[in-house]
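The values are calculated or read from the model by the stated rules, or taken from the named source; none is laboratory data. Treat the numbers as computed from the prediction; the structure is a model and nothing was measured. As a convention, Cβ positions derive from the backbone with ideal geometry for all residues, glycine included, and neighbour counts pool all protein chains shown.
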Amino acid sequence: MAQQAGSLSGQVEQGLAQLAGELPRTMSGFGRMHQAAMADGELPTAIKELIAIAISIATGCSGCIAYHTNHAIAAGATAEQVREAVGVAIVMGGGPATVYGAEALETLRAATS
């Protein structure tokens, strides 16, 4: 499953690149918004990525989980911080969030192994 998590992250990145090629104005705007929202500010980028992981789990977006888990690690979040964000998402998302929480932890294992 770790290989699947890494593959999903790559698929998300590839899909975003394809969208940028086919919808350049839309994706340029989205990219600027994403960059501004995730930049260091009062909350560092790593914390913002942890928030994004929790939202991704609660909303059931597998690609988002892979993307933001990898970016959280890259931004300096620790494995324990990711685990805690998963716990918060489970509280907020209930039973279905446990399935997506497991996906996030699998992506974490792939990203840190």
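Answer yes if at least one residue in the range 36-45 is in contact (Cβ under 8 Å) with a residue 40 or more places away in the chain and of a type in the set (Val, Ile, Thr), and no otherwise.
First pass over the range 36-45, keeping only residues in contact (Cβ under 8 Å) with a residue 40 or more places away in the chain: none.
No, that holds for no residue.
The condition of being hydroxyl-bearing (Ser, Thr, Tyr) and over 18 Å from SER113 (Cβ atoms) holds for only one of SER28, SER7, that being SER28.
Do the conditions hold for GLU80, that is, is it among the acidic types (Asp, Glu) and in a helix (DSSP H, G or I)? It is true that GLU80 is among the acidic types (Asp, Glu) and in a helix (DSSP H, G or I). Is it the case, given these coordinates, that ALA54 is surrounded by 15 or more Cβ atoms within 10 Å (Cβ to Cβ), over 19 Å from LEU8 (Cα atoms) and within 12 Å of the chain's Cα centre (by Cα)? It is false that ALA54 is surrounded by 15 or more Cβ atoms within 10 Å (Cβ to Cβ), over 19 Å from LEU8 (Cα atoms) and within 12 Å of the chain's Cα centre (by Cα). Being in a helix (DSSP H, G or I), surrounded by 18 or more Cβ atoms within 10 Å (Cβ to Cβ) and either in contact (Cβ under 8 Å) with a residue 12 or more places away in the chain or out of contact with any Pro (no Cβ under 7 Å at 6 or more places or on another chain) (or both) narrows it down to one of ALA85, ALA20, so name that one. The conditions single out ALA85.
Considered as a group, the residues in the range 5-17 that are free of Cβ contacts under 8 Å to residues at least 12 places away in the same chain and exposed (fewer than 14 other Cβ atoms within 10 Å of the Cβ) include one that is farthest from ILE65 (Cα to Cα), and that residue is ALA17. Within the option set GLY93, GLY76, GLY41, being at pLDDT below 90, surrounded by fewer than 22 Cβ atoms within 10 Å (Cβ to Cβ) and more than 10 Å from the chain's Cα centre (by Cα) holds for one residue only, GLY93. With respect to (1) within 20 Å of SER113 (Cα to Cα); (2) hydrophobic (A, V, I, L, M, F, W, C); (3) assigned to a helix (DSSP H, G or I); (4) modelled with pLDDT of 95 or more, the lone exception for ALA36 is condition (1). Using the structure shown, decide if ALA58 is modelled with pLDDT under 95 and over 25 Å from SER113 (Cβ atoms). Yes; evaluated as a whole, the condition is true for this residue.
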